[in-house]
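First up is the structure itself, then whatever we jot down about it.
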Amino acid sequence: MTAQLPLPFAPVSNAKHIGAAVDLVEDDGGGQVFLHGMLVYVWDAGEHAMRRFVAVKLWDMKTAKIAEIAAAFGVHEDTVWKWHRTLNSEGFAALSSDKPGPKGGSKLTATVITHIQELKKKTGLSNRRIGTQVGVSEFSVRRALTLTRAAEGAGTPAVAPAAIEPVEPALFAMSVPEELPVLPAPTDRTAERLAASVGSLTEVPPVFAPAARVPLAGMFFALPALETTLLLRCAPKVFTGLSNRVYGLNTLLLEGVLRTLVGEPRAEGATRLNPSAFGRVLGMDRSPEVKTIRRQYQGLVDTGKVPELMSLIAFEQFAADKNAGTTMLGILYVDGHTRAYEGGKKIGRLHSTRLKMPVPATEETWVSAANGDPLFMVMAQPSASLVSELKALVPKLRAMIGDDRRMLVGFDRGGWSPTMFAHLHKAGFDVLTWRKGTTGDVDGTLFHAETYVDEQGTTHTWDRVADTEVDVLLSAKTGDTFSMRQVSQIVPFTTRTGTRQIHILTTLDTQKTMGTAEVVFRMAARWRQENYFRFGRERFALDAHDSHASSDDDATRLVPNPAKAKAKLVQDNARNYRDAVAGTVTAAMLAINTPTPGTQGITITNQMHNDIHAPLHAAETTVAAAEDTYRQLLARVPLGESRPGQQVLDQEMKRFTHIIRMAAFNTAVTLAREIRTNTGFQRADREAHNLVRQILKQPGDIDPTQPGILRITLDPMPTPRETAAVRELCTSLTDTETHYPGTDLILQYAIKDRL
């Protein structure tokens, strides 16, 4: 700021004060700027370049803040900054208001403006579609809608004076229908709650009241995708005869899935959501409290039907995917997932590949579809291998499929077992896995380029792929082998220069039921299942302990004997010591048997021989004792002997919360796929999930006034491109004609325009 003190009086009466030192006077004849009472700048009407130059210089001299200067000149702060940049880069002449381009008249004539306003009033089309019909830009449509329509018969609309820069338009302007009150009081459900408490009402049905600007109204957009998960369809078939309750089964499950989708997967997350706002989405006066959620979850778990529900959902999914014209039903991926435990209970240890060390944990075996969407899971037995779990899954999978059609099962090297490969093949399943162990390289002349186009239309190319057949050894004793198809790739080393060969094994027939390129793609796509584990841990608390209950482990279960491992270590150490002593004895005997030059002979007595071999005899005695001790110990002992007091974590509650989180994940993925395939959203391959999360938390209007229709109108998204994408998504979701769970109301979706 200038150090000169301002004059105690204003030089003119109608001046605008800018800071403490500057006064601005503007009228039809031009403008004047006074600095400390002295006239420093003057311009005539229409001299836009000089006017902008003055604003920039006032900022350069730091006579006032940029916000004060912009407000006095009637522009936005960014506009002053743009003038400053233009003056410094292009000079004074560039500040002129004359724009480059044709000098013809503007397309935004009075007739066009009237036409735009009538289209908006009668059709309610978006600004972009109106602009396309009229032949002007979206910005011109927004500009036309802000102008005041001239009186009937007038030819020119009222426009702001051109001499003053217009203020930047607001991001959006929303109008709320008069029939929808803004956030009215929730519908009183006291009577229904009392009826449910005395047993005269099984559950309180959802009821919706007209309301505008409802927080979390975007949750309604998840319902069509949630319908495809079959959770709400299968649960009433399993959980029958439930006691009277305020929150019915559909409401309880819907609350869990929607709460998970907005980032609160645990029951405690209900405290971080507005109960009234969330209740409007559920059709209630308020959402359930944490204690209610836990109590009703436990009631469902206590029925013992949670595994039946998970199996029924998977069975329905398999039934929906059946195609009588194909011999192969589909593709599944199976993998184990270690859920670490950090509490104080005595839980068995498992090796965690993510943590790279043994930790107290429980093991789960997950089965996912070809696109990575989880289908179902089973709680693995403690310390069970993936091979044993795969064998145990065979009858369950065959029962779910319901016929003898084959299915491709993919898994990683943890399931490597040629015997198990033959077992799965005999049971009607084809295997897809990486080859484990060392093996000879394939002839380099057999490699060639392969290309595959996936379901999304993306082309995948591999430069060097070979398709051969190999015989895998089943038993070293009998020499039996099992023929498999081997697809090999040449890839670079990850830790050093050069290349190496990696091999994929499958039991798919050599008549190429699946092409070479697709085999490579399907094996690489197994990482989609790993993506679910990572996404679930970060977003849906996949590894959270939703119940702190535990029970005693089976004390009679046979487990590896820890004393056997210690005895093996003692045996190995004794053998290593014996080998070292044997080397020393050999060297000593060689020394006494080699005479020094010039001597006549060597005399070796029995005592000398015994003294040299005494350490070796003692070491061999120690080895014999260690081997005898190792042989006498049992390889497996009851758990009660090796680890008394070991416990297992509650499984049924975790299985139930897994069902809810699986439904939430599949719902989010389905919405993201809908955005990628049925909208023109740019960068949808990277930002679709982010847009889904924004939609679910967006406020909007709930309008049940039309009979049989529940209309959800979302507030505009933060950017025009997101708003346009959601508008296309609304059309796609409305076409599904999804009913709100437990009602006959058909959901219709819309989004407000950005004006």
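Give Arg676, Arg711, Arg686 a once-over and let me know the one that is basic (Lys, Arg) and within 12 Å of the chain's Cα centre (by Cα). Outline the logic, then answer.
Details: Arg676 fails: within 12 Å of the chain's Cα centre (by Cα); Arg711 fails: within 12 Å of the chain's Cα centre (by Cα).
The unique qualifying residue is Arg686.
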Item to check | Check on Gly241, open to solvent by 20 Å² or more (accessible area, probe 1.4 Å), small (Gly, Ala, Ser), more than 26 Å from Pro184 (Cα to Cα) and assigned to a loop (DSSP other than H, G, I, E, B) | outcome: yes
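Return the residues of region 685-700 that are buried (at least 19 other Cβ atoms within 10 Å of the Cβ) and over 29 Å from Pro184 (Cα atoms); say none if nothing qualifies. Give the derivation first.
Start the filter on region 685-700 by keeping residues that are buried (at least 19 other Cβ atoms within 10 Å of the Cβ), which leaves 688, 691-692, 695-696, 698, 700.
Ala688 - this is the single residue of region 685-700 that is buried (at least 19 other Cβ atoms within 10 Å of the Cβ) and over 29 Å from Pro184 (Cα atoms).
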Next on the checklist: Condition first: assigned to a strand (DSSP E or B), modelled with pLDDT under 95 and open to solvent by 10 Å² or more (accessible area, probe 1.4 Å). Can you find one or more residues in region 656-669 that meet it?
Outcome noted: no
Checklist outcome for this item: Considering only strands (runs of 3 or more DSSP E) wholly within region 360-437, the ones with at least 3 residues that are within 30 Å of Ser550 (Cβ to Cβ) are 374-379
Item to check | Complete set of residues in region 704-739 that are in contact (Cβ under 8 Å) with a residue 24 or more places away in the chain, part of a loop (DSSP other than H, G, I, E, B) and either open to solvent by 20 Å² or more (accessible area, probe 1.4 Å) or out of contact with any Phe, Trp or Tyr (no Cβ under 8 Å at 6 or more places or on another chain) (or both) | outcome: Pro704, Thr705, Gly708, Asp715, Met717, Pro718, Thr736, Thr738
Checklist entry - If you go through region 466-484 one residue at a time, do you hit one that is in contact with a helix residue (DSSP H, G or I) (Cβ under 8 Å, 6 or more places away or on another chain), open to solvent by 50 Å² or more (accessible area, probe 1.4 Å) and without any contact (Cβ under 8 Å) to a residue 60 or more places away in the chain? => result yes
Checklist entry - Where in region 263-326 are there helices (runs of 4 or more DSSP H), lying fully within it, with 1 or more residues that are open to solvent by 60 Å² or more (accessible area, probe 1.4 Å) and farther than 24 Å from Asp373 by Cα? => result 290-302
Checklist entry - What about Leu634, is it among the aliphatic types (A, V, I, L, M), modelled with pLDDT of 90 or more, exposed (fewer than 15 other Cβ atoms within 10 Å of the Cβ) and over 30 Å from Ala549 (Cβ atoms)? => result yes
Item to check | Matching option when the condition is closer than 19 Å to Pro186 by Cα and not hydrophobic (A, V, I, L, M, F, W, C), among Gly248, Gly263 | outcome: Gly248
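Return yes when Asp454 is in contact (Cβ under 8 Å) with a residue 40 or more places away in the chain, under 21 Å from Phe521 (Cβ atoms) and surrounded by 15 or more Cβ atoms within 10 Å (Cβ to Cβ) and no when it is not. Walk me through it before giving the result.
Numbers: in contact (Cβ under 8 Å) with a residue 40 or more places away in the chain: yes; under 21 Å from Phe521 (Cβ atoms): yes; surrounded by 15 or more Cβ atoms within 10 Å (Cβ to Cβ): no.
Considered against the rule, which asks whether it is in contact (Cβ under 8 Å) with a residue 40 or more places away in the chain, under 21 Å from Phe521 (Cβ atoms) and surrounded by 15 or more Cβ atoms within 10 Å (Cβ to Cβ), Asp454 comes out as no.
For region 489-543, give me the residue count where each residue is polar (S, T, N, Q) and without any contact (Cβ under 8 Å) to a residue 60 or more places away in the chain. Walk me through it before giving the result.
At the first step, the residues of region 489-543 found to be polar (S, T, N, Q) are 489, 494-495, 497, 499, 501, 506-507, 510-511, 513, 516, 529, 531.
Keeping just the survivors that are without any contact (Cβ under 8 Å) to a residue 60 or more places away in the chain gives 489, 494-495, 497, 499, 510-511.
Summing the residues that are polar (S, T, N, Q) and without any contact (Cβ under 8 Å) to a residue 60 or more places away in the chain in region 489-543 gives 7.
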Checklist entry - Taking the stated definitions as given, is Glu118 among the acidic types (Asp, Glu), in a helix (DSSP H, G or I) and either modelled with pLDDT under 65 or open to solvent by less than 90 Å² (accessible area, probe 1.4 Å) (or both)? => result yes
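Test Arg193 against the criterion of being open to solvent by 60 Å² or more (accessible area, probe 1.4 Å), at pLDDT 85 or above and within 21 Å of Arg294 (Cα to Cα), and give yes or no.
Numbers: open to solvent by 60 Å² or more (accessible area, probe 1.4 Å): yes; at pLDDT 85 or above: yes; within 21 Å of Arg294 (Cα to Cα): yes.
In short, yes.
Within region 529-568, how many residues are part of a helix (DSSP H, G or I) and touching a strand residue (DSSP E or B) at 6+ places or on another chain (Cβ under 7 Å)? Show your work before the answer.
Applying the first criterion (part of a helix (DSSP H, G or I)) to region 529-568 yields 529-539, 562-568.
When the remaining residues are screened for being touching a strand residue (DSSP E or B) at 6+ places or on another chain (Cβ under 7 Å), the result is 529, 532-533.
Qualifying residue count, region 529-568: 3.
Kindly establish whether Ala222 is at pLDDT 90 or above, touching a strand residue (DSSP E or B) at 6+ places or on another chain (Cβ under 8 Å) and either buried (at least 21 other Cβ atoms within 10 Å of the Cβ) or of a type in the set (Phe, Trp, Tyr) (or both). Please lay out each step first, then the result.
On the way: at pLDDT 90 or above: yes; touching a strand residue (DSSP E or B) at 6+ places or on another chain (Cβ under 8 Å): no; either buried (at least 21 other Cβ atoms within 10 Å of the Cβ) or of a type in the set (Phe, Trp, Tyr) (or both): yes.
Spelling it out, it is not the case that Ala222 is at pLDDT 90 or above, touching a strand residue (DSSP E or B) at 6+ places or on another chain (Cβ under 8 Å) and either buried (at least 21 other Cβ atoms within 10 Å of the Cβ) or of a type in the set (Phe, Trp, Tyr) (or both).
Scan region 72-90 for residues that are part of a helix (DSSP H, G or I) and in contact with a helix residue (DSSP H, G or I) (Cβ under 9 Å, 6 or more places away or on another chain) and report the count. Let's see the steps before the verdict.
First pass over region 72-90, keeping only residues part of a helix (DSSP H, G or I): 72-73, 77-90.
So of that shortlist, the ones also in contact with a helix residue (DSSP H, G or I) (Cβ under 9 Å, 6 or more places away or on another chain) come out as 72-73, 77-81, 83-84, 86-88.
Here the count works out to 12.
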Checklist outcome for this item: Within region 69-110, of all residues that are open to solvent by less than 50 Å² (accessible area, probe 1.4 Å), among the aliphatic types (A, V, I, L, M) and over 14 Å from Ala49 (Cβ atoms), the one modelled with the lowest pLDDT is Leu108
Checklist entry - List the pairs whose first member sits in region 650-677 and is in contact (Cβ under 8 Å) with a residue 24 or more places away in the chain and over 16 Å from Phe540 (Cβ atoms), whose second member is open to solvent by less than 40 Å² (accessible area, probe 1.4 Å) and among the aromatic types (Phe, Trp, Tyr), and whose Cβ atoms are under 7 Å apart, counting only residues at least 6 apart or on separate chains? => result Ile675/Phe681
Item to check | Scan of region 331-368 for residues that are open to solvent by less than 20 Å² (accessible area, probe 1.4 Å), touching a residue at least 24 places away in the same chain (Cβ under 8 Å) and either in contact with a Ser or Thr (Cβ under 7 Å, 6 or more places away or on another chain) or not polar (S, T, N, Q) (or both), ordered by number | outcome: Leu332, Tyr333, Val334, Asp335, His337, Arg339, Ile347, Gly348, Glu364, Trp366, Val367
Checklist entry - Of the numbered conditions (1) open to solvent by less than 60 Å² (accessible area, probe 1.4 Å); (2) assigned to a loop (DSSP other than H, G, I, E, B); (3) at pLDDT 85 or above, Gln571 satisfies every one except a single condition; which is it? => result (2)
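Answer with yes or no whether Ala544 is modelled with pLDDT of 85 or more, within 30 Å of Gln298 (Cα to Cα) and open to solvent by less than 40 Å² (accessible area, probe 1.4 Å). Give the derivation first.
Values: modelled with pLDDT of 85 or more: yes; within 30 Å of Gln298 (Cα to Cα): yes; open to solvent by less than 40 Å² (accessible area, probe 1.4 Å): yes.
Considered against the rule, which asks whether it is modelled with pLDDT of 85 or more, within 30 Å of Gln298 (Cα to Cα) and open to solvent by less than 40 Å² (accessible area, probe 1.4 Å), Ala544 comes out as yes.
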Checklist entry - With (1) modelled with pLDDT of 90 or more; (2) polar (S, T, N, Q); (3) farther than 27 Å from Gly304 by Cβ as the list, and Thr677 as the residue in question, which single condition is left unmet? => result (1)
Item to check | Among (1) of a type in the set (S, T, N, Q); (2) without any contact (Cβ under 8 Å) to a residue 60 or more places away in the chain; (3) out of contact with any helix residue (DSSP H, G or I) (no Cβ under 8 Å at 6 or more places or on another chain) - the single one Thr622 does not satisfy | outcome: (3)
Item to check | Only one of Thr497, Thr507 that is hydroxyl-bearing (Ser, Thr, Tyr) and closer than 19 Å to Val465 by Cα | outcome: Thr507
Next on the checklist: Quick check on my filter: what residues within region 389-444 are touching an Asp or Glu at 6+ places or on another chain (Cβ under 7 Å) and open to solvent by 50 Å² or more (accessible area, probe 1.4 Å)?
Outcome noted: Arg406
Checklist entry - Regarding Leu258, is this residue outside any loop (DSSP other than H, G, I, E, B) and either in contact with a Ser or Thr (Cβ under 8 Å, 6 or more places away or on another chain) or open to solvent by 10 Å² or more (accessible area, probe 1.4 Å) (or both)? => result no
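The values are calculated or read from the model by the stated rules, or taken from the named source; none is laboratory data. Everything numeric here is computed off the predicted structure, so don't read it as measured data. Heads up, the Cβs are rebuilt from the backbone with ideal geometry, glycines too, and the neighbour counts pull from every protein chain shown. These area figures cover heavy atoms from the full protein model, side chains too; ligands, DNA and RNA do not enter into them. Shrake-Rupley method; radii C 1.70, N 1.55, O 1.52, S 1.80 Å.
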